[in-house]
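Here is the structure we will look at.
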Amino acid sequence: MLVLSGITVRYGPREVLRGVDVTVPRGEFLAVLGANGCGKSTLLRAAAGLEPVAEGTVTVDGRAGDPLALAMVFQQIHLVHRRTVLDNVCAGALGRLPLRHSLHPRLFPRELREEAMACLDRVGLADRAHDRADRLSGGQQQRVAVARALCQRPEVILADEPVSALDPAASEQVLALLTELAHQEGLAVVAVLHQPVLAARHADRVIGLRDGRVLLDGPPDQNLDILYQPALAESVS
Ligand SMILES: Nc1ncnc2c1ncn2[C@@H]1O[C@H](COP(=O)(O)OP(=O)(O)OP(=O)(O)O)[C@@H](O)[C@H]1O
Ligand SMILES: [Mg+2]
């Protein structure tokens, strides 16, 4: 279970997250929605330990400070294009391997390559393992990025707009995959989405952020318009 408690992030005098509380049980796919600039990416980065928090705590199954428990997936996929798909997935394990393995991919141990193959199989791309990463389509590359995250053996996957660059069919595939990882593998999955209709179709629950706060938290098929309406009196809040 991922527990974010009282997360506050400031940039200088500006408070971009204001005491955010979110709990995500294992087995759940939570979608995070909200207008541009409301703090969604900052929340994910804070959860992953990539963003210093002014106040608040992050725990995974009761433990604090275990960055390997959380794996990130991004809109910009960040594969190493000239390396094979398999090497890219193996790289997901670098955080838990001795440093020398990062120097040359041939040093990836055989057990790791087998585990990476299993992760690729999980995302339906085992047959592309030996292709160069840049030979794959965007949707396939995003599934490789999910496989790379799995190779980290995380308990939580944090995905920031994982489908914003994908066409509708590829988006469906990636979101269905994230749902499966939650429901079948028991991961806690958190994904920032910009399309309420995709959240309604795939997520178990949504939270809506507005101006650095959780404005709504509940079933994915609720009316989310309030998140995107201009503020009536922002200065009063
Ligand atoms: N490194 C930074 N320094 C200063 N301000 C920042 C920094 N990163 C983000 N912000 C500000 O924090 C606020 C929240 O940004 P964040 O990227 O979390 O928004 P978001 O909800 O992910 O938006 P989008 O939908 O556009 O991706 C914004 O006002 C942004 O300008
Ligand atoms: Mg963002």
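The values are calculated or read from the model by the stated rules, or taken from the named source; none is laboratory data. Here the structure is a predicted model, which is why all the values come from computation and not from measurement. Glycine gets a Cβ as well: all are built from the backbone with ideal geometry, and neighbour counts include every protein chain shown.
Things worth noting here:
- Yes/no for residue 30 being closer than 17 Å to residue 66 by Cα, more than 12 Å from ligand 1 (Cβ to nearest atom) and at pLDDT 95 or above: no
- Within segment 140-167, the residues that satisfy the criterion of being more than 22 Å from residue 30 (Cβ to Cβ) and either at pLDDT 95 or above or part of a helix (DSSP H, G or I) (or both) are 140, 141, 144, 151.
- Listing of strands (runs of 3 or more DSSP E) fully contained in segment 1-94 that carry 2 or more residues being free of Cβ contacts under 8 Å to residues at least 40 places away in the same chain: 14-24
Here is a yes/no grid of residues against (1) more than 16 Å from ligand 1 (Cβ to nearest atom); (2) touching a helix residue (DSSP H, G or I) at 6+ places or on another chain (Cβ under 9 Å); (3) at pLDDT below 95; (4) closer than 30 Å to residue 207 by Cβ:
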position	(1), (2), (3), (4)
60	yes, yes, no, yes
66	yes, no, yes, yes
86	yes, yes, no, no
111	yes, no, yes, no
118	yes, yes, no, no
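- Residue check, residue 70 under 20 Å from residue 203 (Cβ atoms), within 16 Å of ligand 2 (Cβ to nearest atom) and surrounded by 14 or more Cβ atoms within 10 Å (Cβ to Cβ): no
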